[in-house]
1. Given the condition within 16 Å of residue 224 (Cβ to Cβ) and touching a residue at least 60 places away in the same chain (Cβ under 8 Å), answer yes or no: does some residue in the range 59-74 qualify?
2. Cβ-Cβ distance below 6 Å, separation of 6 or more or different chains: which pairs start in the range 83-96 with a residue that is under 11 Å from residue 145 (Cα atoms) and at pLDDT 95 or above and end on one that is away from the ligand (no atom under 14 Å from the Cβ) and in a loop (DSSP other than H, G, I, E, B)?
3. Can residue 164 be described as in contact with a helix residue (DSSP H, G or I) (Cβ under 8 Å, 6 or more places away or on another chain) and surrounded by 15 or more Cβ atoms within 10 Å (Cβ to Cβ)?
4. Go through the residues of the range 75-84 one by one and say whether even a single one is assigned to a loop (DSSP other than H, G, I, E, B), within 22 Å of residue 195 (Cα to Cα) and in contact with a strand residue (DSSP E or B) (Cβ under 7 Å, 6 or more places away or on another chain).
5. Could you name every one of the strands (runs of 3 or more DSSP E) located completely within the range 157-251 that has at least 3 residues being more than 15 Å from the ligand (Cβ to nearest atom) and touching a strand residue (DSSP E or B) at 6+ places or on another chain (Cβ under 7 Å)?
6. If residue 7 satisfies every condition in (1) free of Cβ contacts under 8 Å to residues at least 60 places away in the same chain; (2) surrounded by fewer than 20 Cβ atoms within 10 Å (Cβ to Cβ); (3) under 19 Å from the mean Cα position of the chain (by Cα) but one, which is the exception?
7. Are any of the residues in the range 115-125 farther than 29 Å from residue 69 by Cβ, in a helix (DSSP H, G or I) and touching a helix residue (DSSP H, G or I) at 6+ places or on another chain (Cβ under 9 Å)?
8. Give me the pairs, please: first residue somewhere in the range 129-148 and closer than 15 Å to residue 87 by Cβ and more than 11 Å from the ligand (Cβ to nearest atom), second residue anywhere and part of a helix (DSSP H, G or I) and modelled with pLDDT of 95 or more, beta-carbon distance under 9 Å, and either six or more positions apart or on two chains.
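The values are calculated or read from the model by the stated rules, or taken from the named source; none is laboratory data. Model, not experiment: these values are computed from the prediction. Here Cβ is always computed from backbone atoms with ideal geometry, including for glycine, and neighbour counts include all displayed protein chains.
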Ligand code: 8X3
C-alpha cells in the first residue's frame, strides 16, 4: 500500500536524533535525500554511511538557506520538505524565563520552519505533488509547568502548519504534522537541561519504553511515503506509558 512516488526529500535537523534517523530510514527506502544540519562533521559521517547528500547550514540564517536552495535545485530538486530541526532550551517557569532561551526556541522551531518553507515553496508548488512535513511536539498541543517557552514555540509551529495546509491546498501541497511525546534521544533533554547528563537521564527514568528516534522516523517515512492524495494532517505519537503529558507511568 505504501508507495514512494515522491523520492527527493530535504531533511533538516539531520545531525542527530529524529532527523538523523529519518535520513537513514528514507535512504533505506530508496529516497534521494539532502540532509541538512549545522554540524558538518556529523553530516559527513551520515553521508558516508547512507549515501545521502549533505549540506551544512543553519536554518535560521537567510544566507545559509539561500545557498541550500541553490544546492538542492542543482542536485535533483525536491518534492518533500521535512522540517525536523528545533528543540527545547530551559525548563523555567514563565516568572523566571530566560529570554535568550525563548529567543533561541522561537528561532529554531518557528523561524527556521518558516524560512525553510518559504524558500522551498516555489519548487514544491511547481512539482505539483509536493509535501511539507513539520515535526512539532505534544508540547505544541497542551502546555505544562516549566514548558512555556517550548510550548509557545511548538504551538506556533503547529499553527503555521495548519495555516500552510489551508493556504496551499490549491497547489496540491500536502502538509503533515508529526507531534511526538516522550522520545529518548541522545541530545533533546541534554540540550534542554543545559548539558546536565544526570538530569537528562531522569527525564526517562523508569519509563518502560520511551519512543526512540527510529520509532518516530518510521512514522515520518510512512506518512510521506503514502500515495500523495492521502494526507495525515496530524499524527500524535506517544509511548504507551505516556497517556498524556501529565500522565507518565514510571516503574
Ligand atoms: C518533546 C515532548 O514531552 O518533552 O517534544 O514536551 S515533551
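1. Going residue by residue through the range 59-74, those that are within 16 Å of residue 224 (Cβ to Cβ) are none.
Looking for residues that are within 16 Å of residue 224 (Cβ to Cβ) and touching a residue at least 60 places away in the same chain (Cβ under 8 Å), one finds none in the range 59-74, hence no.
2. 92/98
3. Details: in contact with a helix residue (DSSP H, G or I) (Cβ under 8 Å, 6 or more places away or on another chain): yes; surrounded by 15 or more Cβ atoms within 10 Å (Cβ to Cβ): yes.
Spelling it out, residue 164 is indeed in contact with a helix residue (DSSP H, G or I) (Cβ under 8 Å, 6 or more places away or on another chain) and surrounded by 15 or more Cβ atoms within 10 Å (Cβ to Cβ).
4. Initial filter on the range 75-84 (assigned to a loop (DSSP other than H, G, I, E, B)): 75-79, 84.
Then keep just the ones that are within 22 Å of residue 195 (Cα to Cα); that gives 84.
The next check asks that each one be in contact with a strand residue (DSSP E or B) (Cβ under 7 Å, 6 or more places away or on another chain); those that pass are 84.
Yes.
5. Numbers: elements: 174-180, 234-237, 242-244.
Those strands (runs of 3 or more DSSP E) span 174-180.
6. Only one criterion in (1) free of Cβ contacts under 8 Å to residues at least 60 places away in the same chain; (2) surrounded by fewer than 20 Cβ atoms within 10 Å (Cβ to Cβ); (3) under 19 Å from the mean Cα position of the chain (by Cα) is unmet by residue 7, namely (1).
7. Narrowing the range 115-125 to residues farther than 29 Å from residue 69 by Cβ: none.
No, that holds for no residue.
8. Listed pairs, sorted by first residue: 134/113; 134/117; 134/157; 134/158; 134/160; 134/161; 134/164.
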